[in-house]
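Below you'll find the structure, written out as structure tokens, and then a few comments.
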Amino acid sequence: MIADLLAKNPIQDYEALDFEFPDEHINEVDCEEKGPTDVWEMYFDGAVNLSGNGIGAVLVSPDGKHFPIAVKLRFDCTNNVAKYEACVMGLQAAIEMKIRKLEVYGDSALIIYQVKGEWQTKDLKLIPYQKYLLELIKEFEEISFTHLSRDKNQFADALATLAVMAQMEEGQTT
């Protein structure tokens with residue numbers, strides 16, 4: 001039916017396409033592998049305010065699944081200690097999940113640059129955290145740390161804030 005329609009209505013001034021390919025030896029334009037990656041992402045943050053202290057982290061799988069973690073801290077601490085606690089907790093969870101390659105993101109320049117060895121750790125309370133993080137890092141095949149602006153770390157920040165707001169009775173474990 002379509003063939004009859006085309007035969008009755010020929011195209012005027014028809015020119016055949018030029019099928020001459022000067023680069024016939026090129027079989028593929030994009031040679032980069034597009035296979036699945038096995039690199040996970042981790043975002044972390046801590047929150048300290050009058051209501052209490054909390055930490056949050058989220059692990060993001062290569063296929064985009066999110067694994068959020070929120071913990072209410074039951075001890076007084078500084079904001080930097082809370083952020084170190086969040087980073088430690090996220091790395092421990094990644095190790096438990098047998099993650100081998102991880103990109104870590106946080107909005108604390110202090111922690112990111114101390115762990116990378118670009119800044120010295122002078123606060124005596126933070127030195128044990130830094131040492132422990134450096135031990136945890138050895139568990140990974142590949143790991144990187146990147147500083148983010150706060151607006152790019154909203155999910156981890158929300159988890160930390162949620163943990164602070166959680167009302168728990170003493171002795172309650174859930």
Fill in: Förster radius 22 Å - calculated FRET efficiency between ASP63 and TRP119 (Cβ-Cβ, nearest 0.05)
0.05
Worksheet item: Size of the stretch 33-174 along its principal axes in angstrom, Cα-based, largest extent first?
Response: 51, 34, 28
Worksheet item: So which lysines pass the test for LYS101, namely a Cα distance under 25 Å, with those fewer than 8 places away in the same chain ruled out?
Response: LYS34, LYS65, LYS83, LYS116, LYS131, LYS138, LYS152
Item to complete: Distance from a point 7 Å along Cα→Cβ of ARG150 to each backbone N in the stretch 87-109: keep the residues under 14 Å and list them by number.
Response: 107-109
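Since every read-out is calculated from the coordinates, none of them should be taken as a lab result. Owing to the predicted nature of the structure, the values given are computational and were not obtained by experimental measurement. Ideal geometry is used to build each Cβ from the backbone, glycine not excepted, and the neighbour counts take in all protein chains shown.
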